[in-house]
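What follows is a single structure, written as structure tokens, with notes after it.
The values are calculated or read from the model by the stated rules, or taken from the named source; none is laboratory data. If you're wondering where the values come from, they're calculated on a predicted model, not measured in any experiment. Every residue, glycine among them, receives a Cβ derived from its backbone with ideal geometry; neighbour counts consider all protein chains shown. Each accessible area value is taken on the protein alone, full model and side chains, heavy atoms only, with ligands, DNA and RNA left out. Shrake-Rupley method; radii C 1.70, N 1.55, O 1.52, S 1.80 Å.
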Amino acid sequence: MQIQDNLIHIHQQISQACQQTNRLADSVQLLAVSKTKTVQDIQQAINAGQQAFGENYVQEGVEKIQYFAQKGIPLTWHFIGPLQSNKSRLVAEHFDWMQTLDRVKIAERLNKQRPVGKPPLNVLIQINISDENSKAGIQPKEMLGLAKHIENLPHLRLRGLMAIPAPTDNMHQQKMALSAMYVLFEQLKKAFPEQQIDTLSMGMTSDMETAIACGSTMVRIGTAIFGKRHYSTN
């Protein structure tokens with residue numbers, strides 16, 4: 001029951017954050033980050049109405065996708081971790097969304113490996129908005145070039161942007177990074193008016209309210225739903 005209670009609380013927080021900025025509550029989607037969590041944990045979230053889940057590890061994510069597919073439970077699965085090119089086929093074949101696209105090579109592989117008969121893979125371009133050497137993502141100035149390349153790949157559908165800003169207790173710095181992402185998001189929409197650019201994935205447990213105030217349409221929440229993660233040898 002704890003997971004269900006946590007989800008209710010988070011939805012209340014999202015609704016309050018939206019009210020404070022005159023946004024509709026349904027304009028922000030909750031992505032439950034279920035990495036390292038069991039299928040039993042995920043089932044509890046499903047029982048509470050959660051249908052979109054994010055996974056960071058390819059093989060672990062595929063096993064969960066297959067488990068719930070066999071049970072006939074319709075879910076939406078997002079890959080939100082760094083992707084090595086030798087694992088791109090598994091993402092192309094099993095996931096609905098790829099949020100961390102930051103290389104032409106990966107885009108081309110995903111496009112080629114997306115199975116015939118499946119809808120295009122929804123993709124987000126990951127921006128390294130805090131310019132961290134340790135973080136994946138492209139520089140803002142590279143966004144439009146990668147977007148143009150994706151536009152010409154028929155088995156991918158560009159839906160927007162994703163970012164993991166540097167963690168900080170400085171509210172001003174936090175807001176600066178998140179606001180910069182919104183500017184890029186609007187720039188992308190303007191540059192590609194015929195594309196379905198509708199998703200700005202940013203905001204986690206520590207900065208969810210600020211992210212919503214800055215225009216996020218999808219927050220990625222893990223620990224606040226499922227509790228602390230228990231890492232194995234993954």
Would you check which residues across segment 135-156 are under 19 Å from the mean Cα position of the chain (by Cα) and exposed (fewer than 12 other Cβ atoms within 10 Å of the Cβ) and list them?
-> Gln139
Among the residues of segment 84-99, count how many are open to solvent by 10 Å² or more (accessible area, probe 1.4 Å) and either in a loop (DSSP other than H, G, I, E, B) or touching a residue at least 60 places away in the same chain (Cβ under 8 Å) (or both).
-> 3
Being on the phi < 0 side of the Ramachandran plot, in contact (Cβ under 8 Å) with a residue 60 or more places away in the chain, touching a helix residue (DSSP H, G or I) at 6+ places or on another chain (Cβ under 6 Å) and not basic (Lys, Arg), is that true of even one residue in segment 158-172?
-> no
Single match in Lys175, Lys118 (criterion: open to solvent by 30 Å² or more (accessible area, probe 1.4 Å), free of Cβ contacts under 8 Å to residues at least 60 places away in the same chain and within 18 Å of Leu200 (Cβ to Cβ)) = Lys175
Only listed residue being in contact (Cβ under 8 Å) with a residue 12 or more places away in the chain, closer than 24 Å to Tyr182 by Cβ, not in a helix (DSSP H, G or I) and not basic (Lys, Arg), chosen from Gly49, Gly81 = Gly81
Please tell me if Gly117 is out of contact with any Pro (no Cβ under 9 Å at 6 or more places or on another chain) and farther than 24 Å from Val33 by Cβ.
-> yes
The correct count of residues that are surrounded by 14 or more Cβ atoms within 10 Å (Cβ to Cβ), farther than 18 Å from Phe53 by Cβ and not small (Gly, Ala, Ser) in segment 203-234 is 5
Has segment 143-156 got any residue that is of a type in the set (A, V, I, L, M, F, W, C) and in a strand (DSSP E or B)?
-> yes
Collect the residues in segment 9-34 that are out of contact with any Leu (no Cβ under 9 Å at 6 or more places or on another chain), closer than 13 Å to Ile221 by Cβ and either of a type in the set (A, V, I, L, M, F, W, C) or modelled with pLDDT under 95 (or both), keeping them in residue-number order.
-> Ala17, Val28, Leu31, Val33
Answer from Leu101, Leu124 - the residue that is in contact with a helix residue (DSSP H, G or I) (Cβ under 8 Å, 6 or more places away or on another chain) and not hydroxyl-bearing (Ser, Thr, Tyr) | Leu101
Please name all residue pairs, on different chains or six or more residues apart, with Cβ atoms under 7 Å, provided the first residue is in segment 1-18 and is closer than 18 Å to Met204 by Cβ and the second residue is of a type in the set (Ser, Thr, Tyr).
-> Cys18/Ser27
Checking Ala69 against (1) part of a helix (DSSP H, G or I); (2) touching a residue at least 12 places away in the same chain (Cβ under 8 Å), which test does it fail?
-> (2)
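Condition check ((1) open to solvent by 50 Å² or more (accessible area, probe 1.4 Å); (2) not charged (D, E, K, R)) across all residues:
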residue: Ile3; (1), (2): no, yes
residue: Ile14; (1), (2): no, yes
residue: Thr38; (1), (2): yes, yes
residue: Asp41; (1), (2): no, no
residue: Ala52; (1), (2): no, yes
residue: Glu60; (1), (2): no, no
residue: Trp77; (1), (2): no, yes
